[in-house]
Amino acid sequence: MERTVAARDPSVSERQIVASRRALLGALTVAPLTVPAAALSIAPHPLVPLFEVSGEHPIQLRRSAGGRQLSRARYHNAEGFFRGAFAGNARPLSDKLYSIGIVLQLGLSAHLLDVGFDDDWCARHIGLNVARSLTYANATGLGFESADFGLLASILSPYSKWRDCGPRDTAPNVPFTDEEMRELARSLLDRVREVTGHPRPRSSRTRSA
C-alpha cells in the first residue's frame, strides 16, 4: 500500500510561504473570534466553525514574545522526544505510540502557541487530543494536510490511552510500520519548523551534519 505524507510544493518559494502566513496571522488579529459566523459579511474566520461545532467559548488569538519563546521550547522538546520515540525496537508498540503521541502533540502545540493560542486554554480544551490539535493547527495556517497523518492522529487521541493500555505482550492493531510513523512525525516537525521559523536544536543540527 503506497502511503504519502504532506510535502511542500517545490514551486512555492520561501517568500510566498512567509507572505501567506503573515497574511493569515494578520487576519487572525483583525477578525474578532467573538463575532458569530452568521453576522460576518465576509468569509467566516477559519476558527468560528470549530468553536460552533465544539461548543467552546471563542477566544481572541494574541501573539506575544512570551508565546513565541514557549513555542520554540515546545518545538525543541518535540525534536528531543522524537529521537527517543524511535530509538530501539524492543519496546511494546503501545509504549512507542505513547511516545509518538507526545512528539506530535508537542510539535502541534509549538504552532498553536506561535499563532497566539493561550497555553492554559489549550490544556483545558485540547488536552492530549492530537487530532484536535491538528484541526486547530490547520485552521490557523499549518497547512499539513495528510490522510495518513490524520488517521495516525485519530488513533493516538488521546495519546494517554496508550500508556499502560494492557498486557505488555498485547500489540494494538495499528496500520502503520515503525518507519511510516517515523516519516509522518518527521514530516510534521519539519513543517512546524518551516512555518514558525524556529531553528532546529543544536544537537539535531550536529547529528544531521
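The values are calculated or read from the model by the stated rules, or taken from the named source; none is laboratory data. Not measured: the values here are computed from a predicted model. Please note: Cβ atoms are built from the backbone with ideal geometry, for glycine as well, and neighbour counts cover all protein chains shown.
Filter segment 175-209 for residues that are assigned to a loop (DSSP other than H, G, I, E, B) and surrounded by fewer than 19 Cβ atoms within 10 Å (Cβ to Cβ); which is modelled with the lowest pLDDT? By that ranking, first place goes to ALA209.
Restricting the first member to segment 172-186 and to residues that are closer than 20 Å to GLU145 by Cβ, and the second to residues that are among the small types (Gly, Ala, Ser) and assigned to a loop (DSSP other than H, G, I, E, B), the beta-carbon pairs closer than 8 Å and six or more apart or on different chains are LEU184/SER146.
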